[in-house]
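Some notes on the structure that comes next.
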Amino acid sequence: MKVVIIGGGIIGLSSAYYLHQSGHEVTVIDKTDMSSNCSYGNAGYVCPSHFVPLATPGIVKQGLKWMLNSRSPFYVQPRLSWSLIDWGLKFMKAATPEHVERAAIPLRDIAFISKKLYEEWAKLPQFQFAYQQKGLLEIFQTQTGGDHAKHQMEKAHELGLTDTVLLDKDQLAALEPQTRINALGAVHFQCDAHLYPNKLMQQLLADLKQKGVRLQANEEVTGFENNSGKITHVKTISNTYEADAVVIASGSWSREVASKMNVKIPLVGGRGYSVTLEDSPYKINYPSVLIEGRVALTPMDGNKIRFGGTMEITSTNTPPKMSRVEGVLNAVANFYPDFKVPMPAIDKVWYGYRPCSADGLPYIGRTKKWNNVVMATGHAMVGLSLGAGTGKIVSEIINEEKISMNIAPFDPDRF
Ligand SMILES: Cc1cc2nc3c(=O)[nH]c(=O)nc-3n(C[C@H](O)[C@H](O)[C@H](O)COP(=O)(O)OP(=O)(O)OC[C@H]3O[C@@H](n4cnc5c(N)ncnc54)[C@H](O)[C@@H]3O)c2cc1C
């Protein structure tokens, strides 16, 4: 089968990997050179611990409080945009305790599928992306943060993540003897892993190219041709590609791409920033999330440390805001008092747009409208973690094989 994948982020490339393995003739089209999308500068967590979707009652309340703070970790830029209003209304409706409860099992299941696949990749000679299974620390400074952490641990145990433990201040200090941490304690999700996303992406691209997957860079998909309920051709400004099946893996632009084939998916971009010290003078052993600061720190690939955070719901054309980066670095300094990371120049700051669905669950599956189109997008904060698993599921859908898990909660037509 000729399969055309729109988008060369982790979701598109993982799908290409498994579709090629199943014997299909695969073309990946991307409007960029595929070297700097959201799948590069992220925190690199492969994290079954992230079983709570973005849409929670807490984030709505907190988001409203943070609206006017330019350094806050969550921000919705008010805009007169129908797609944003539509997304916002659906997001608020979805953000219920019942939804959080329902979302946990599918998020856990796809994360474990994905993690197992990354473990397989990490053993292959073409992949050396600094995969490490050390777990993830969620560090808290306040009693409220500690209560939240304890609740997360209990929930993790209920979901079978039994190797999740609560650490007090001294136990946390013992795990990180090389630096001071200003905190009351942490939860250690031992099931989590991390990797260096930049290497993963570069090696995936090289592997696919070497195997003969067509990688069409710098071509924007502008439209489609159809016949008898199927998309038959994918059009770019310079080419038209014949397709037996199409995968929409266009990250934060998936709503626009889908709308060109009259498919509606509520989705917005959630911008986040990261700063990477290539040769860090500071040492940490474990990736960590700073609960009150909403910031992620990851030691990566030898001597690197990456600091990342903020969720800024904004248009993909708005210039980056350095005050958000300042907010990230302030939170780091607050938790790690020895870390004196100076504000970098703007060209040293990476930012990317997380594709945020309206309920925090990804859209994975066929659309009712076109029988040969598979959506694979909307992974928000966990696209890297769920990347390999999503790719495998996309190939199972197209091959009409038994699917590794129940994907009904990810139905792209659910709104
Ligand atoms: C600061 C930060 C930290 C993060 N940390 C983590 C983490 O630790 N773990 C985790 O799991 N996730 C993390 N994420 C989220 C993760 O990075 C994303 O969920 C993931 O990268 C999304 O992958 P994607 O393939 O869907 O999108 P992308 O990587 O954005 O790729 C989409 C591609 O589609 C292309 N495209 C769009 N429109 C068109 C078109 N019309 N024609 C052709 N091509 C098109 C784009 O050019 C782009 O290359 C983080 C994100 C941020 C911002």
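The values are calculated or read from the model by the stated rules, or taken from the named source; none is laboratory data. This is a predicted model, so every value here is computed, not measured. All Cβ positions, even for glycine, are placed from backbone atoms using ideal geometry, and neighbour counts span all protein chains on display.
Below are the figures for this structure:
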| read-out | value |
| --- | --- |
| Pick from the range 241-262, criterion acidic (Asp, Glu) and either without any contact (Cβ under 8 Å) to a residue 12 or more places away in the chain or under 20 Å from residue 391 (Cα atoms) (or both), ranking: surrounded by the most Cβ atoms within 10 Å (Cβ to Cβ) | 244 |
| Checklist (1) away from the ligand (no atom under 14 Å from the Cβ); (2) assigned to a helix (DSSP H, G or I); (3) within 30 Å of residue 153 (Cβ to Cβ) applied to residue 199, failing item | (3) |
| Helices (runs of 4 or more DSSP H) completely within the range 1-105 that count 2 or more residues being of a type in the set (Ser, Thr, Tyr) | 10-21 |
| Any pair with Cβ under 9 angstrom, 6 or more apart, that starts in the range 69-87 at a residue that is more than 14 Å from residue 268 (Cβ to Cβ) and ends at one that is of a type in the set (Gly, Ala, Ser) and at pLDDT below 80 | 72/63 |
| Scope the range 263-305; condition out of contact with any Pro (no Cβ under 8 Å at 6 or more places or on another chain), within 21 Å of residue 132 (Cα to Cα) and touching a residue at least 60 places away in the same chain (Cβ under 8 Å); matching residues | 274, 276, 277, 282, 288, 289, 290, 300, 301, 302, 304 |
| Qualifying positions in the range 381-403 - surrounded by fewer than 24 Cβ atoms within 10 Å (Cβ to Cβ) and hydrophobic (A, V, I, L, M, F, W, C) | 381, 397, 398, 403 |
| Single unsatisfied condition, residue 205 versus (1) surrounded by fewer than 22 Cβ atoms within 10 Å (Cβ to Cβ); (2) among the aliphatic types (A, V, I, L, M); (3) more than 16 Å from residue 388 (Cβ to Cβ) | (3) |
| Every residue from the range 17-51 that is more than 8 Å from the ligand (Cβ to nearest atom) and touching a Gly at 6+ places or on another chain (Cβ under 7 Å) | 17, 18, 28 |
| Count - residues of the range 153-185 that are more than 15 Å from residue 141 (Cβ to Cβ) and part of a helix (DSSP H, G or I) | 10 |
| Odd one out for residue 238, checked against (1) among the hydroxyl-bearing types (Ser, Thr, Tyr); (2) away from the ligand (no atom under 11 Å from the Cβ); (3) surrounded by 14 or more Cβ atoms within 10 Å (Cβ to Cβ) | (3) |
| Residue within the range 57-80 that is near the ligand (Cβ under 9 Å from one of its atoms) and touching a Gly at 6+ places or on another chain (Cβ under 6 Å) present | no |
| Single unsatisfied condition, residue 276 versus (1) closer than 24 Å to residue 182 by Cα; (2) modelled with pLDDT of 95 or more; (3) surrounded by fewer than 23 Cβ atoms within 10 Å (Cβ to Cβ); (4) away from the ligand (no atom under 13 Å from the Cβ) | (4) |
